[in-house]
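Undergrad: The structure's right below; bear with me while I get my questions together.
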Amino acid sequence: MNIDTRNDPFILRRYFTLAVKNLRRRPVRTGLTVAGVALAVTVAVSLGGFMLGYRGAIDKSIDMLGFQVMIMAKGCPYEAATMMLKGGTGLLYLPADVYEKVKSDASIASITPIFVGVAQKQGSGIREDQSETNFLIVSGIEVASYQVMKPWVAFKKGPGYADGRWFSPGARNEVVLGFEAAEYEQRKVGDSFYASITPAGQPNPVQHEFKVVGVLERSGTQDDGTVFLPIDLAREFFGRPNQLTILGIRLKEFNAIKMRQFETRWLSLPEVQVVGLQQVKNTLVSLVATAQTMIAAVAVIAIIVAFIGVINTILMSVYERTSEIGIMKALGARRGSIFQLIWLETVMICLAGALAGSLLAVVGSGVVERLIKAMADFGVSGSIVAITPAVIGYAVLGAVILGFFAGLYPAWRASSMRPVEAINKGA
Amino acid sequence: MNGIVIEAHRLKRYYQRGSETVKALDGVDICIRQGEIVSILGPSGSGKTTLINLLSCLDAPTEGTLTVAGKPVAGLSEDELVEVRRGVLGFVFQQFSLLPTLTVTENVELPLMFLGLRVNPQRTREILAAVGLSDRASHLPQELSGGQMQRVAIARALMAGPKILVADEPTGNLDKATGESIIALFKRLAAEEGLAVILTTHNTAFGAAADRAITLEDGRIVKEEVLKPPSIASLTPATMTGVSVQVDQCNE
């Protein structure tokens, strides 16, 4: 009966097996502890996904604007940011001659004027509901400069959308619909489209009938929900023939210094403010900073509760197995062996919780997104929760680190037991 | 190897209980040889368990000298005592102390995990066969009788090839027939493997089956009987020359 005196290269697997069996001894308690960790991880992953997704959505929305700087009427920067991305109510306008003044600036690579107005769409489409979507954003654009600014804009193809195009010169009844605007109203190329527009200073709206001449491909930006008109026509219908909403500008050379120089040159105009994209991004991020802080606080509390829960579970387990630990030490287990076993059990609980929590976060991300969007309007289109492998990776790593620290005390306590006392205590 | 596996002089173990000093063991001299079965007898509280805890390096003496497998252990820390125990001492406890979630085979192989050694399935099978549990290898402890559990504990104690087997009341929870079979197994292991067996028991019949019986009272040896001379046949030729010398030394 010879002993194999060679070291076992797979010794960790045996510790792993023993740890799993120990955890399965109390399945309800282990399950509840794992659930606690999973809950904390779900909150943390959702928060991480929200932070990442929201920033990504902001970046995408702003990048898809096509310009780096905009000139607009003076007002609240929050409103400016929202207006850029979603349109909005209480729009401010700047004189149209600002366009003529600014476009001669030598540092400008391209510039496009945009007029934004809000129309009513009651009776305009097939939908008769009284939902909050009774308003639509109308953008008056100058097609040539708009295309230079957004070269990626394309018309939807396929049956019912063939021959999509921009407006004919001089046409007074042609509109181009963004993807979602067309989908919602179920309009195709050649269909009629109705909009009620209240001209500035007039008490009653005027209903207009348009022909849809093109539907844009989905861009994931505010353009998807927009109705496009020729800029002069839009200004006329809204009763603001000499006004603009935004001047979108791309500079030949864009950096902080050039931006500052450009801003300084045109801030001298009394009616306008120059807004850089970074400023808009910062503004939008700050819009949700409070919400993110609150969610982060919940996540921290959940993590602390889970941390205490894990420690409590493992301590109880150690207490229940005092005699066994004494026996293991009598059988030759070093302090490190016991520490390793208990620590492994703790990390396994946290790892299982991290995986379950990540899965839950991924599966429930749609629900989380709807909840977050229901709480507030975040001013961006598209998904604002992006649970990436990196987010999950960090969450799992965090849970393992949590397990590492949670397991320290119980493992130290177990490994420090004197075998005689442990055996007697458990007997 | 000179045949002596444990040697203790003036071994004391005192405990402090409040202001009172409890003399659990008060100056014991003992010497145990390879292949010898020594039973430690005495009433409850006489110091039996304290003595075997010291001899098996589970506890440290308050005073005295103790050598286990050639290593002086008095004054060693817990971590140092573990190193002495590893691979040298096997334990059998009265309560069996099997891990309930592990099968018989896994319980028996447990010491190898702590020693970091590979499992030799053939050895596991042979040891289980030696204790008559070949057909219970995949059973959980809860599926075994008391006698079977004690046999598993013995198999586990033997798995790492110890020089000394320490058994605290190994027959305490067993019926007479099972107890006798356990004692018979110890005798066979001592004779065939040269294993030194130290066992405590209340049962004078089982105690009388040993080579030597030591009776404790109030932490002192009050009687020591040689029930059977050391079996020279069980000793290897290499150790035979030292036996007479060591016997003399033990008798000093």
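Undergrad: Report relative contact order for chain A in percent, whole number only (criteria: Cα-Cα under 8 Å, sequence separation at least 6).
TA: RCO, chain A: 29 percent.
Undergrad: For segment A:209-255, report the translational diffusion coefficient in µm²/s to the nearest whole number, using Stokes-Einstein at 25 °C, 0.890 mPa s, and a Kirkwood Rh over Cα pairs. Before the final figure, lay out the partial values.
TA: Working: Rh = 13.5 Å.
Calculated translational D: 181 µm²/s.
Undergrad: Now for a different question. With 17 Å as the cut-off, how large is the P(r) tail for segment A:118-238, expressed as percent of Cα-Cα pairs?
TA: 53 percent
Undergrad: From Cα pairs below 8 angstrom and at least 6 apart in sequence, can you work out the relative contact order of segment A:160-242, rounded to a whole percent? Intermediate results must be reported in sequence, preceding the final value.
TA: On the way: 149 pairs, mean separation 31.8, N = 83.
Answer for segment A:160-242 is 38 percent.
Undergrad: HN-Hα J couplings of segment B:160-174 from phi, Karplus 6.51/-1.76/1.60, θ = phi - 60°, integer Hz, Gly and Pro as x?
TA: Rounded to whole hertz, the list is 8, x, x, 8, 10, 10, 10, 10, 9, 6, x, 10, x, 9, 10.
Undergrad: Rounded to a whole number, what is D in µm²/s for segment A:235-328 from Stokes-Einstein with the Kirkwood radius over alpha-carbon pairs (37 °C, 0.692 mPa s)?
TA: Values: Rh = 19.8 Å.
Estimated via Stokes-Einstein, D reaches 166 µm²/s.
Undergrad: Report the semi-axes of the equivalent ellipsoid for segment B:115-231 in whole Å, largest first, where each axis is √(5λ) for an eigenvalue λ of the Cα gyration tensor.
TA: On the way: eigenvalues 147, 57, 32 Å².
Equivalent ellipsoid semi-axes, largest first: 27, 17, 13 Å.
Undergrad: So what's the Cα pair-distance distribution over chain B, bin width 5 Å, in %?
TA: The percentages, shortest bin first, are 1, 6, 14, 17, 19, 17, 13, 8, 3, 1, 0.
Undergrad: So if each residue of separation counts as 0.36 nm, and I subtract the Cα-Cα distance between A:Ala109 and A:Thr5, what length gain in nm does that give?
TA: 29.6 nm
Undergrad: For A:Ala109, list long-range residues whose amide hydrogen, built 1.01 Å from N in the peptide plane, is under 5 Å from its own amide hydrogen.
TA: For A:Ala109, whose amide H was placed from the backbone, the distant partners under 5 Å are A:Arg250, A:Leu251, A:Lys252.
Undergrad: Placing +1 at every Lys and Arg Cβ and -1 at every Asp and Glu Cβ, with all other atoms neutral, what dipole size does the protein assembly as shown have around its Cα centre, in debye to the nearest 20?
TA: Charge dipole, the protein assembly as shown, about its Cα centre: 400 debye, nearest 20.
Undergrad: How many nm is it between the label spots at A:Val400 and A:Arg370, if each spot is 7 Å from the Cα in line with the beta carbon?
TA: Between A:Val400 and A:Arg370, the label points sit 3.5 nm apart.
Undergrad: What accessible surface, in Å², does a 1.4 Å probe find on A:Trp343, ignoring ligands, DNA and RNA and rounding to the nearest 10?
TA: Accessible surface of A:Trp343 is approximately 60 Å².
Undergrad: Based on the Cβ-Cβ distance from B:Lys223 to B:Asp79, what FRET efficiency comes out when R0 is 45 Å, to the nearest 0.05?
TA: 0.80
Undergrad: A follow-up question, please. Applying a 10 Å radius around every beta-carbon, put B:145-155, A:187-197 in order of their mean neighbour count, most first.
TA: Peptide ranking by packing, descending: B:145-155, A:187-197.
Undergrad: Something else now. In terms of Cα to Cα distance under 24 Å, which lysines are near enough to A:Lys281, apart from those fewer than 8 places away along the same chain?
TA: Of all the lysines, those that pass the test against A:Lys281 - Cα under 24 Å, at least 8 places apart if same chain - are A:Lys60, A:Lys74, A:Lys86, A:Lys150, A:Lys252, A:Lys258, A:Lys373.
Undergrad: If you don't mind, there's one more thing I want to ask. Go through A:Leu315, A:Val298, A:Asn242 and say which Cα lies farthest out towards the positive end of the charge dipole of segment A:240-342; charges sit on Cβ, +1 for Lys and Arg, -1 for Asp and Glu.
TA: Of the candidates, A:Asn242 comes out farthest on the positive side.
Undergrad: Could you tell me the calculated FRET efficiency between A:Ile257 and A:Tyr409, based on Cβ-Cβ distance and R0 = 60 angstrom, to the nearest 0.05?
TA: 0.65
Undergrad: Taking beta carbons within 10 Å but only from partner chains, what does the mean come to for residues A:330-342?
TA: Numbers: counts 15, 16, 19, 8, 7, 3, 2, 5, 1, 0, 0, 2, 0.
That average works out to 6.
Undergrad: How large are Rg and Dmax for segment A:313-379 when only the alpha carbon atoms are used, in Å?
TA: Cα-based Rg and Dmax for segment A:313-379 come out at 20.8, 66 Å.
Undergrad: What average count of beta carbons from other chains do you get within 10 Å of the Cβ of residues in B:104-112?
TA: 3
Undergrad: For a distance above 17 Å, tell me the whole-number percent of Cα pairs in segment A:332-427 that qualify. The partial results should precede the final answer.
TA: Working: 2938 of 4560 pairs.
Of the Cα pairs, 64 percent sit more than 17 Å apart.
Undergrad: Once fully extended, how much extra length lies between A:Ser268 and A:Val148, figured as 0.36 nm per residue of separation less the alpha-carbon to alpha-carbon distance?
TA: Contour length minus Cα-Cα distance gives 40.5 nm.
Undergrad: Could you name the lysines in cross-link range of B:Lys176, using Cα to Cα under 19 Å and dropping any fewer than eight places away on the same chain?
TA: Of all the lysines, those that pass the test against B:Lys176 - Cα under 19 Å, at least 8 places apart if same chain - are B:Lys187.
Undergrad: To continue, here is another question. Measure nothing but the geometry: give the 0 to 90° angle between the long axis through the Cα atoms of A:77-86 and the longest principal axis through the Cα atoms of chain A, rounded to 10°.
TA: Around 80 degrees separate the two axes.
Undergrad: Between B:Asp135 and A:Leu315, what FRET efficiency follows from the Cβ-Cβ distance if R0 is 60 Å, with the result rounded to 0.05?
TA: With R0 = 60 Å, the Cβ-Cβ based efficiency is 0.95.
Undergrad: Right, another one. Do any of A:Lys156/A:Lys211; A:Lys157/A:Lys188; B:Lys23/B:Lys71; B:Lys12/B:Lys163 go past 19 Å between their Cα atoms, and which?
TA: On the way: A:Lys156/A:Lys211 16 Å; A:Lys157/A:Lys188 11 Å; B:Lys23/B:Lys71 25 Å; B:Lys12/B:Lys163 24 Å.
Where the Cα-Cα span goes over 19 Å, the pairs concerned are B:Lys23/B:Lys71; B:Lys12/B:Lys163.
Undergrad: With a ≥ b ≥ c the root eigenvalues of the C-alpha gyration tensor of segment B:51-145, is it rounded (a/c under 1.5), prolate (a/b larger than b/c) or oblate?
TA: Numbers: a/c = 2.68, a/b = 2.08, b/c = 1.29.
Prolate shape, in that a/c is at least 1.5 and a/b is the bigger ratio.
Undergrad: Further question: Using the Karplus equation 6.51 cos²θ - 1.76 cosθ + 1.60 (θ = phi - 60°), what ³J(HN,Hα) coupling, rounded to whole Hz, does each residue of segment A:183-195 give in order, writing x for Gly and Pro?
TA: After applying 6.51 cos²θ - 1.76 cosθ + 1.60, I find 5, 5, 8, 6, 9, 10, 4, x, 6, 8, 9, 10, 8 Hz.
Undergrad: Farthest toward the dipole's positive end in chain A, which of A:Gln186, A:Leu136, A:Val347, given Cβ charges of +1 (Lys, Arg) and -1 (Asp, Glu) about the Cα centre?
TA: The one lying farthest along the dipole's positive direction is A:Val347.
Undergrad: Which order do A:Thr245, B:Thr178 take when ranked by solvent-accessible area (1.4 Å probe, heavy atoms of all protein chains), largest first?
TA: Solvent-accessible surface, decreasing: B:Thr178, A:Thr245.
Undergrad: Mind giving me the nanometre distance, one decimal, between the label points for B:Thr204 and A:Glu209, set 7 Å out from Cα along Cα→Cβ?
TA: That separation, rounded to one decimal, is 12.3 nm.
Undergrad: Name the long-range amide H neighbours of A:Ser383: under 5 Å, sequence gap of 5 or more, or other chain; modelled H, no Pro or chain starts.
TA: When sequence neighbours closer than 5 places are left aside, there are no close amide H contacts.
Undergrad: A further question follows. For B:His139, what accessible surface area do you get with a 1.4 Å probe? Give it in Å², rounded to 10.
TA: Solvent-accessible area, nearest 10 Å²: 50 Å².
Undergrad: Please give the Cα centre distance for segment A:38-58 versus segment A:229-298, rounded to the nearest Å.
TA: A separation of 27 Å, based on Cα centres.
Undergrad: Now for a separate question. Please compute the length gained on full extension between A:Arg24 and A:Leu359, using 0.36 nm multiplied by the number of residues separating them and subtracting their Cα-Cα distance. Display every interim value, and only then the final one.
TA: Details: separation 335, 0.36 × 335 = 120.60 nm, distance 2.16 nm.
Fully extending the segment from A:Arg24 to A:Leu359 adds 118.4 nm.
Undergrad: Place a point 7 Å from the Cα of A:Ala291 along the Cα-to-Cβ direction; which residues of segment A:37-58 have their backbone N under 18 Å from it?
TA: Once the point is set 7 Å along Cα→Cβ of A:Ala291, A:43-58 turn out to lie under 18 Å by backbone N, inside segment A:37-58.
Undergrad: Another one. If you count the DSSP beta bridges with both ends in the protein assembly as shown, what percent of them are antiparallel, to the nearest 5?
TA: 70 percent
Undergrad: Treating the angle as unsigned and between 0 and 90°, give the value, to the nearest 10°, between the Cα long axis of helix B:121-130 and the longest Cα principal axis of chain B.
TA: Between helix and principal axis, roughly 70 degrees.
Undergrad: Still on this model: In whole Hz, with x marking every Gly and Pro, tabulate ³J(HN,Hα) for segment B:176-186 from phi via Karplus 6.51 cos²θ - 1.76 cosθ + 1.60, θ = phi - 60°.
TA: For segment B:176-186, the Karplus curve yields 4, 5, 5, x, 5, 5, 5, 4, 4, 5, 4 Hz.
Undergrad: Taking Cα centroids, how far is segment B:6-49 from segment B:142-203 in Å?
TA: Cα centroid of segment B:6-49 versus Cα centroid of segment B:142-203: 21 Å apart.
Undergrad: Pull up all non-local amide H partners of A:Val272: gap of 5 or more, or a different chain, and H-to-H distance under 5 Å with H placed in the peptide plane.
TA: A:Lys74
Undergrad: Additional query: Using Cα centres only, tell me the gap between segment A:168-225 and segment B:90-130 in whole Å.
TA: 81 Å
Undergrad: I would also like to ask the following. Shape of chain A from its Cα gyration tensor (a ≥ b ≥ c, root eigenvalues): rounded if a/c is under 1.5, otherwise prolate when a/b > b/c, or oblate?
TA: Prolate, since a/c reaches 1.5 and a/b exceeds b/c.
Undergrad: Mind grabbing the accessible area of A:Glu320 for me, 1.4 Å probe, Å², rounded to tens?
TA: Rounded to the nearest 10, the figure is 90 Å².
The values are calculated or read from the model by the stated rules, or taken from the named source; none is laboratory data. Source: prediction; values computed, not measured. Cβ: placed from backbone, ideal geometry, glycine included. Neighbour counts: every protein chain shown. To get the accessible areas, we keep the full protein, side chains included, count just its heavy atoms, and leave off ligands, DNA and RNA. Shrake-Rupley method; radii C 1.70, N 1.55, O 1.52, S 1.80 Å.
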